[in-house]
Each structure stands twice: as C-alpha cells, then as structure tokens.
Amino acid sequence: MSTDDAFDAAYREHYWAVSRFVARRLDDQAWDVEEVVAEVFAVAWRRRAELPESPLPWLYGVARHCLANTVRGKGRYRRLLLKLGHHEVTRGARTVASPDAERPGSWVLEALSRLAEADQEVLRLTAWEELTVEELGTVLGCGRSAAAMRLHRARRRLREQIETLRRDDRISLGCTSGRGDRAQSADRAQRADRADKDGQA
C-alpha cells in the first residue's frame, strides 16, 4: 500500500473517532472542532510516510498537539480582548451548567475535575477512547512502562479525590441532619411510651 493509500484509509476509517476525540475536549464547539480536525489530517497528510499500521493512537497524539495550539491561541486572543475591551467576550462571563450536572454519578466528574490536566487526559484516553496501555504510550509519546505508571498514578489520585468527596459528603450530611436525628429520637420516645402503656395494661 502506498503512503497516499495509507492516508486515505486512515482518513476514512478514523475521521469520526478523531472528531469525537476533539469534540470532547472542546465542549462540542462545532466550528473549533472542524478546524482542529482539519489541522490533524493536514498534519497526517504531510507526515503520511510516518503513519503506523494502526494509525488511530498516532492520530490522537497529533490531535493533542493541535488542541494545545488551539487553546494557546484562544488564550492569547482572550488576553488581547481584555486589553482592548469593548468586546462581547469581555462583558460578564456566563457559566453554563454541564449536561452531566444533573445526571446520577456526576460527582465522578467532580472528582476528575480536581485532578491535574495530565492525569485527566490519561484517564480520558483510557476511558473515553478505550486505549490499551501500549496505545496510550503512543499518544503520550512514551514507552509502555512509563504509560502504565502514569495511568496507575492517575487512577490512584482519582480514587483519593473520590474518597475525599465521599468524606465531605458524609460530613455535610452529618452537619445538616439535626432535624432528622431529633425526629428519630422522638419516634423512639413514642415507641418506648407505647411499650410502657402496653405493659401497664
């Protein structure tokens, strides 16, 4: 297979996987997603001689670099707008609730958000993109053992954050459960009072 044919096959087979990869990291901003995906495959075309036999993890690695460039560019753009003022982007930021905010288990996303970006990305690559450790190493540009260690550490830190959230939740429930405790005490007192009356009867 020629390098051109290898690129064509990679484009047809993996275009939507790369699009989903990018969309998840840009909150589905359609215009930005299309631009980044186009850049990914432009890079892949220029470097088509480097395409491995299983190109998807390699394409994800290219996409990570393209995303980083996009994020840096947006940061420079926002800083420029803040200096200039008089632009709609600088007028009062809005916070839009995530679609996952009301879903059961959204606390997992909260735990994930507390991790460093590098740990988040390792976990996203293995959970969202379902990469093996070998493929993870390809995306991250490191060996299998280094990728396995990064994944192990990220999972450990996620578990620690989950435990922290659970502990905070238990403390919060304890602090706000006074009314429930009083109701339970009253219920126990009523049962005891009924038992005394039954015994006297």
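The values are calculated or read from the model by the stated rules, or taken from the named source; none is laboratory data. Predicted model only: the values in this text are computed from it and were never measured. All Cβ positions, glycine included, derive from the backbone under ideal geometry; neighbour counts span all protein chains shown. In case anyone asks, the SASA skips ligands and DNA or RNA and just uses the protein heavy atoms, side chains included. Shrake-Rupley method; radii C 1.70, N 1.55, O 1.52, S 1.80 Å.
Points to keep in mind about this one:
- Evaluated over the Cα positions of the stretch 1-73, the convex hull gives a direction-averaged projected area, one quarter of its surface, of 4.4 nm².
- Average accessible surface area per residue within the stretch 10-67, 1.4 Å rolling probe, Å²: 57
- Here the spin labels are modelled as points 7 Å beyond Cα on the Cα-Cβ line, and at Ala49 and Glu117 they lie 3.3 nm apart.
- Among the protein heavy atoms of the stretch 1-67, carbon and sulfur supply 50% of the accessible surface, probe 1.4 Å, non-protein parts ignored.
- Potential lengthening of the chain between Glu110 and Trp128 amounts to 4.8 nm, from the contour at 0.36 nm per residue minus the alpha-carbon distance.
- Computed from the alpha carbon atoms alone, the convex hull of the stretch 16-57 holds 61 Å³ per residue.
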